[in-house]
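Chemist: Structure in structure tokens, see below.
The values are calculated or read from the model by the stated rules, or taken from the named source; none is laboratory data. The structure displayed is predicted, hence computed values, not measured ones. Cβ: placed from backbone, ideal geometry, glycine included. Neighbour counts: every protein chain shown. Side chains included, ligands, DNA and RNA excluded: accessible areas come from the protein's heavy atoms. Shrake-Rupley method; radii C 1.70, N 1.55, O 1.52, S 1.80 Å.
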Amino acid sequence: MMLLLGLAPATRSLFRFQSRASWTRVIRRFRSRRRIVLTALGMILAIVWMGQAVAGVLLRESADLEKLQLWLPLSLATYALWNLIKITFRKPVRPFEWTAAEEEWLIAAPIERSELIRFRLATIARAAIFKAAIFTLVMIPDLPLLLCGFVGMLAGLIIIDLARMAMEVSVWGLRKRELWMVRGFVVAMLARIATNILSGSLQVVDMTAGLGSLASLSFLGQLFERVCVLSQTGLGGVVVAPFRVIGELILVDRLSLELVTRMIILAATIWALFATLLRLDRYVDCRRRRSEVANLPNAREFSQQQTVTAATIKPRHKPWRFGGLGPLGWRQLLGARKYRAQLALALAIPLGLSCLPALSGATGLMLVMNVTGGLAFYSFLLLPASLPFDLRRDLDRITVLKSLPLSPVRIVLGQLSAPIAITSVFQLATLATTMFISPFNPAYLLIAIAILWPFNLFIFGLENLLILWYPYRLNQEGVQIFLRSILAFTAKGLLFAGAAAGILVWAFMAKWLGGRLLPHSPQLAMSVLFSLGVCLGLLLSAAAVIRLLANTFERFDPACDLAGLD
């Protein structure tokens with residue numbers, strides 16, 4: 001792959017040294033005494049995940065080829081569409097993310113910009129090879145030719161990454177007015193697609209039948225079928241068409257001259273996309289330079305005005321101190337404000353999914369239990385990745401945080417306050433929307449809040465604890481980040497399943513105790529005992545995680561724990 005990209009000797013050497021340093025760091029951490037317990041847990045999770053994958057490969061039957069020919073292109077197209085939405089609503093500061101070491105050794109070096117793009121694509125392609133290999137292993141019963149499946153998936157991932165990089169370059173070069181026009185177009189397109197999908201799904205599913213969770217699952221199934229139907233006609237067919245060729249290559253059943261021709265055409269397409277990316281980056285970079293030179297007098301005048309304003313006008317907004325927590329949380333909220341459009345989109349999807357039980361026949365306590373369970377699931381597995389406004393964002397500034405005249409507990413709570421506040425507001429908005437659709441007793445709302453808000457403290461405390469144990473940068477890409485994501489998601493799934501099992505056991509115990517304590521009102525006694533027990537358990541778990549996080553933060557040594565991170 002590096003020979004194909006034509007890396008220069010300097011960047012080729014840096015790429016090789018970076019890979020060697022990364023693996024050396026991984027091996028060193030596996031032998032670290034400080035993290036031996038977490039390393040053992042990681043190995044257990046890896047064995048569990050590999051065991052599940054092997055069992056899924058060996059014990060399951062092969063999937064229907066017709067369904068795979070429909071699902072594979074649709075999955076790739078959905079991934080590409082998600083990249084478009086994310087980049088559109090979060091304009092990148094620059095088109096390619098670089099780590100601190102890469103900025104020091106590459107950006108300041110006398111290396112051409114096209115060579116930097118080749119280096120970045122090489123690091124991305126390394127992770128794509130690993131992902132395609134895992135896909136091939138998992139899909140062994142379904143792929144007629146494993147080599148074709150690997151090559152097809154690798155080509156699809158590389159094409160998506162090239163398209164993502166082209167979108168980053170394009171959005172980076174847009175002016176403010178042009179960016180808002182593009183965002184308006186994307187919103188209109190998403191609204192039209194969502195209207196077509198939801199209208200067709202709601203007409204098929206009877207949301208008033210059965211429990212809220214079963215009705216929601218039925219609705220999601222019909223939603224997926226509706227998406228598959230739309231992908232075959234109109235605009236959906238045009239969007240999915242390029243990936244349908246990749247799906248056919250993945251599922252090809254015999255070697256032929258036509259197959260070789262398709263592979264050659266696909267390789268030529270990848271090369272053409274790469275050449276287009278280089279030209280697009282050159283054009284956008286020149287355009288931005290001309291725009292900056294033309295606006296230089298205005299920028300100087302604006303800078304002078306800002307200096308005078310800052311010297312003569314006192315700041316109007318001062319965050320409440322709260323013993324030092326306020327300024328830390330306010331700073332993170334100001335950072336989250338820059339990504340408000342992306343956050344609104346990321347929170348709108350789980351909000352809609354969590355409100356689905358309100359459309360079913362569930363009412364009262366059953367409705368609140370369904371919605372609260374959905375909120376807990378989405379908040380635990382999905383929201384931490386969308387709200388990195390805590391220690392994960394300040395990993396390079398952790399020395400400054402440690403020098404503040406505050407206790408470690410206060411610093412930790414201040415850093416966690418922003419994502420916890422955003423998540424709590426999101427959960428309250430979801431419960432209020434559910435209550436508006438299907439009214440229920442306000443006391444249930446208070447119980448749900450009392451359960452969810454300590455849970456939020458536990459979620460983000462655990463997420464920050466993991467990053468202090470095994471640090472990584474938010475803009476890192478590569479095999480290690482992919483493996484880390486798999487292990488973290490597996491661990492969260494097992495932890496969530498264990499917590500759900502514990503809550504179920506406590507529900508039976510609360511029912512038994514309620515019947516013994518208040519024989520005349522067992523339902524009331526059960527509700528009170530169950531709610532108090534869950535709230536107390538979550539509070540104790542959150543307190544334990546925060547205490548452990550504060551101790552880890554206090555012992556964290558940037559000189560040792562961040563060495564070789566890049």
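Chemist: Whole-Hz Karplus ³J(HN,Hα) for the stretch 146-155, in order, using 6.51 cos²θ - 1.76 cosθ + 1.60 and θ = phi - 60°, x for Gly and Pro?
Modeler: Values, residue by residue: 5, 5, 5, x, 5, 5, x, 5, 4, 5 Hz.
Chemist: With a 1.4 Å probe and all protein chains left in place, how much of the accessible area of the stretch 328-435 comes from carbon and sulfur atoms, in whole percent?
Modeler: 71
Chemist: Going by accessible area, probe 1.4 Å, with all protein chains left in place, what is the ranking of L495, L147, L251, largest first?
Modeler: Ranking L495, L147, L251 by accessible area, largest first, yields L147, L495, L251.
Chemist: Counting only protein chains, not ligands or nucleic acids, how are R118, R282 ordered by accessible area (probe 1.4 Å), most first? Intermediate results must be reported in sequence, preceding the final value.
Modeler: Values: R118 50, R282 125 Å².
Ranked from most to least accessible, the order is R282, R118.
Chemist: Which value, in Å² rounded to 10, gives the accessible area of R94 with a 1.4 Å probe and all protein chains present?
Modeler: R94 has an accessible surface of roughly 80 Å² with all protein chains in place.
Chemist: Take the alpha carbon gyration tensor of the stretch 152-199, find the square roots of its eigenvalues, order them as a ≥ b ≥ c, and report rounded if a/c is under 1.5; if not, report prolate when a/b exceeds b/c, else oblate.
Modeler: It comes out oblate by the Cα gyration axes.
Chemist: Follow-up question, since we're still on this one. Could you report the accessible area of L146 in Å², rounded to 10, computed with a 1.4 Å probe on the protein chains as they sit in the structure?
Modeler: Its accessible surface works out to 80 Å², give or take rounding.
Chemist: For the stretch 116-174, what does the accessible surface come to per residue with a 1.4 Å probe? Please give it in Å². Intermediate results must be reported in sequence, preceding the final value.
Modeler: Values: 1730 Å² over 59 residues.
Result: 29 Å² of accessible area for each residue.
Chemist: Given a 1.4 Å probe and the protein chains all in place, what does the accessible area of E554 round to, in Å² to the nearest 10?
Modeler: 110
Chemist: Ordering W453, W98 by how much accessible area each has at a 1.4 Å probe, largest first, what is the list? Each step should come with its number before you reach the end.
Modeler: Values: W453 110, W98 20 Å².
Largest accessible area first, the residues go W453, W98.
Chemist: Grab the beta carbon distance between R113 and V425, set R0 = 51 Å, and tell me the FRET efficiency rounded to 0.05.
Modeler: With a Förster radius of 51 Å, E is 0.75.
Chemist: For E66 and L333 in the same chain, what is the full-extension length gain: residue separation times 0.36 nm, less their Cα-Cα distance, in nm?
Modeler: Gain on extension, E66 to L333, equals 91.3 nm.
Chemist: Let me ask you something else. So who's got an amide H within less than 5 Å of the one on Y470, skipping anything under 5 residues away but keeping other chains? H placed 1.01 Å off N, in plane.
Modeler: none
Chemist: Compute the length gained on full extension between S403 and F185: take 0.36 nm times their separation in residues and subtract their Cα-Cα distance, giving the result in nm to one decimal.
Modeler: 73.8 nm
Chemist: Excluding ligands, DNA and RNA, what is the solvent-accessible area per residue of the stretch 356-406 at a probe of 1.4 Å, expressed in Å²? List each step's numbers first, then the result.
Modeler: On the way: 1980 Å² over 51 residues.
Here the residues of the stretch 356-406 average 39 Å² of exposed surface.
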